[in-house]
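Each remark here refers to the structure printed beneath this line.
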Amino acid sequence: MITIKSDDEIKIMREAGRVVGQTLEKLVEATKPGVVVKDLDKLVRKEYARLGVIPTFLGYSHPPYPATVCISLNEELVHGIPGNRVIKEGDLVSIDLGATYKGFVGDSAVTIVVGEPSDEQQKLMDVTRESLWRGIRAAKAGVRLGVVSAAIGDYIESQGYGVVREYVGHGVGRQMHEEPQVPNYGPADRGPVLRKGMVLALEPMVTVGDYRTKKHDDGWTVSTLDGSLCAHFEHTIAITDGEAEVLTLP
């Protein structure tokens, strides 16, 4: 069942989203050559303790996710567990973060390159980011959810990239994953009609090569099946009477 959020609930989600956006900015700034990935998890724990919010990802699902943030490098797409790897110049790093505030979740992700990006890395990031914003601009009350999916996926494929099928966007609220699922591909004439008060996490996941993925033995980390580079951007948005409101800006 799709839950419609009240104005008061969206006000709380705006605060959760702001914490996520601001903390993501700190993570991006801290992601430099020589940094041990698990130190980024420590940064989130310290920041969330200071702000009095709950790390949404910690202990999530089964097996319980063991960290507060997902850090995925290069061919890793999502759900990378922070560990002892050292970030290097030229690494493509996807950072996915959630926060729970007064019982409501904000969820956002960004992909960056450490140092100077290659042309391939830059175009991949640009296309993925633009596809997210095309989805956001398409998300208006009265249109079918498929209009958002098509806006994202059609643009990605027009640029020659793969659109991941196994992982999709989702509704968000008191739970991180709520109905409806939000595919990043497909026809515009499917899915529920968007209504004011729906809150969605749009998150295009884009590959340079084949769109198929594989899960690692740790039960969480997901990589491209063919080892190609990939990128992931995400915002939590609220459907309004006009343009969608992005809740996870800093």
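The values are calculated or read from the model by the stated rules, or taken from the named source; none is laboratory data. Computed from a predicted model, the values in this text were never measured in an experiment. All Cβ positions, glycine included, derive from the backbone under ideal geometry; neighbour counts span all protein chains shown. Areas reflect the complete protein model, heavy atoms only, side chains present, ligands, DNA and RNA absent. Shrake-Rupley method; radii C 1.70, N 1.55, O 1.52, S 1.80 Å.
One table, with the values for the structure above:
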item: Single condition residue 29 does not satisfy, out of (1) in a loop (DSSP other than H, G, I, E, B); (2) at pLDDT 95 or above; (3) on the phi < 0 side of the Ramachandran plot; result: (1)
item: Within region 194-221, considering residues that are under 15 Å from residue 128 (Cα atoms) and among the hydroxyl-bearing types (Ser, Thr, Tyr), the one least open to solvent (accessible area, probe 1.4 Å); result: 207
item: Residue identified as within 15 Å of the chain's Cα centre (by Cα) and surrounded by 16 or more Cβ atoms within 10 Å (Cβ to Cβ) among 143, 147, 114, 105; result: 105
item: Some residue of region 8-15 being charged (D, E, K, R), farther than 29 Å from residue 207 by Cβ, surrounded by fewer than 19 Cβ atoms within 10 Å (Cβ to Cβ) and touching a Leu at 6+ places or on another chain (Cβ under 8 Å); result: no
item: Leading residue by the ranking (surrounded by the fewest Cβ atoms within 10 Å (Cβ to Cβ)) among those in region 222-250 that are hydroxyl-bearing (Ser, Thr, Tyr) and under 12 Å from residue 74 (Cα atoms); result: 228
item: Enumeration of residues in region 117-140 that are of a type in the set (S, T, N, Q), farther than 23 Å from residue 176 by Cα and open to solvent by less than 30 Å² (accessible area, probe 1.4 Å); result: 121
item: Candidates 71, 4, 10, filtered to the one that is β-branched (Val, Ile, Thr) and assigned to a strand (DSSP E or B); result: 71
item: Region 174-186 residues that are closer than 9 Å to residue 148 by Cα, paired with ones that are of a type outside the set (Lys, Arg) and open to solvent by 60 Å² or more (accessible area, probe 1.4 Å) (beta carbon under 9 Å, 6 or more apart); result: 185/154; 185/157; 185/211
item: In region 61-80, the residues that are over 15 Å from the mean Cα position of the chain (by Cα) and buried (at least 17 other Cβ atoms within 10 Å of the Cβ); result: 65, 67, 74, 75
item: Strands (runs of 3 or more DSSP E) fully within region 127-246 counting 1 or more residues that are under 22 Å from residue 6 (Cα atoms); result: 169-171, 178-182, 199-202, 235-238
item: For residue 158: the one exception among (1) under 20 Å from residue 68 (Cα atoms); (2) free of Cβ contacts under 8 Å to residues at least 12 places away in the same chain; (3) small (Gly, Ala, Ser); result: (1)
item: Filter result for residue 75 (under 28 Å from residue 158 (Cα atoms), in contact (Cβ under 8 Å) with a residue 12 or more places away in the chain and of a type in the set (D, E, K, R)); result: yes
